[in-house]
1. First select every other residue whose beta carbon is under 12 angstrom from the beta carbon of residue 60; then total the charges, Lys and Arg +1, Asp and Glu -1.
2. How charged is the neighbourhood of residue 14? Take every other residue with its Cβ under 13 Å from the Cβ of residue 14, and add Lys/Arg as +1 and Asp/Glu as -1.
3. With Cβ to Cβ distances under 12 Å as the rule, what net charge do the other residues near residue 25 carry (K, R +1; D, E -1)?
4. Quick one: helix 16-25 against the long Cα principal axis of the chain, what's the angle to the nearest 10°, folded into 0 to 90?
5. Treat the count of other C-beta atoms within 10 Å as a stand-in for reagent exposure and order 59, 35, 75, 6 from fewest to most.
6. How are the C-alpha pair distances of the chain spread across 10 Å bins, as whole percents from the shortest bin up?
7. Mind putting a number on the dipole of the chain about its Cα centre? Charges go on the C-beta only, +1 for Lys and Arg and -1 for Asp and Glu, and I need it in Debye to the nearest 20.
8. Grab the beta carbon distance between residue 16 and residue 63, set R0 = 25 Å, and tell me the FRET efficiency rounded to 0.05.
Amino acid sequence: MKTYDYRQFDPLVHSRIRLSVLAILVSVDDAEFTYLRDQVRATDGNLGAHLRKLEDGGYVQVTKHFVNRKPHTRYRVTGAGRDAFRKYVDNLERLLHSAPEDLEGKAAG
C-alpha cells in the first residue's frame, strides 16, 4: 500500500454523525432536525452538538421558525460544507484506491 497522509481528512467532517448529516444535506435543499435525527439515528442532544459544530465551522446554515407554535429547525448545507464533503469523498476514494486490490491473506506490515 502506498503511504497516505491521514491529515488530509477534514476533522470537522471526519465524524460518523457529521459525515452522515453532510451526506444527507448535499442531496436535498434542506432538512428538518427531526428528519436528520431519524435518518442518522442519533439522540437529540448528540445530533444537536454535531450540528452546532458544523454550523460553527460554516458547513451548515440553520433556519428556525414556528408552525402552530411549535419550533421547527431546518438545516441547509453551505457552499463551504458542500466543498468540504466533496473533498472528503475525494480523499477517501484516493485512500481506498491506494489499497491493494486483493486484501485476502495479506497481513498488515
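1. Numbers: positive: 18, 52, 53, 74, 76, 82; negative: 30, 55, 56.
Net local charge, residue 60 excluded: +3.
2. On the way: positive: 7, 16, 18, 53, 87; negative: 10.
That works out to +4.
3. Values: positive: 18, 74, 76, 82; negative: 29, 30, 32, 55.
Once positives and negatives cancel, what remains is 0.
4. Once rounded, one gets 60 degrees.
5. Numbers: 59 26, 35 14, 75 23, 6 8.
Lowest to highest Cβ neighbour count: 6, 35, 75, 59.
6. Here the calculated profile for the chain is 13, 40, 25, 15, 5, 2, 0.
7. Roughly 460 debye for the chain.
8. Working: r = 25 Å, r/R0 = 1.00.
Efficiency, rounded to the nearest 0.05: 0.50.
Values in this text are rule-based calculations from the coordinates and carry no lab data. Predicted model only: the values in this text are computed from it and were never measured. Neighbour counts are summed over all protein chains in view; Cβ atoms, including those assigned to glycine, are modelled from backbone coordinates with ideal geometry.
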